[in-house]
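Report on the following structure.
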Amino acid sequence: MIGLKPLSQILTSVQFTTLSGGRRLAVMDAENWEELIEWLMDLEDRRIIQQSQERLQSGPEASGALRLETVLDEL
């Protein structure tokens, strides 16, 4: 996604606290949490595209692509 902050900038707001039992928690504000989720989703999308690139470059028929009309008719 265009305009995402670098991960290092998103994570600068993370603070750590330790509970009485020794368990550590990471705390961050909701806006940065949402940006982190968006960053991770973008990373996943890029991985899927990279894994599919060779198959997609083989052309519509060889890649198993569906015609848009067919998909729209099934909705």
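Data for the structure
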{"quantity": "Lys, Arg +1 and Asp, Glu -1 on Cβ, resulting dipole of the chain about Cα centre, debye, nearest 20", "calculated": "520 debye"}
{"quantity": "In Hz, Karplus ³J(HN,Hα) per residue of segment 38-51 (6.51, -1.76, 1.60; θ = phi - 60°; x = Gly, Pro)", "calculated": "4, 4, 5, 5, 5, 4, 5, 4, 5, 5, 5, 4, 4, 5"}
{"quantity": "Share of carbon and sulfur in the accessible heavy-atom surface of the chain [1.4 Å probe, %]", "calculated": "55 percent"}
{"quantity": "From the C-alpha gyration tensor of the chain, square roots of 5λ in Å", "calculated": "41, 14, 13"}
{"quantity": "Helix-derived mean residue ellipticity, 222 nm - over the chain, DSSP H n ≥ 4, -39500 (n - 2.57), to 500", "calculated": "-17000 deg cm²/dmol"}
{"quantity": "Distance between segment 60-75 and segment 19-53 - C-alpha centres, whole angstrom", "calculated": "32 Å"}
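The values are calculated or read from the model by the stated rules, or taken from the named source; none is laboratory data. Everything quoted here is computed from the prediction, not taken from an experiment. Ideal geometry is used to build each Cβ from the backbone, glycine not excepted, and the neighbour counts take in all protein chains shown. Quick note on the areas: whole protein, heavy atoms, side chains included, nothing else; ligands and nucleic acids left out. Shrake-Rupley method; radii C 1.70, N 1.55, O 1.52, S 1.80 Å.
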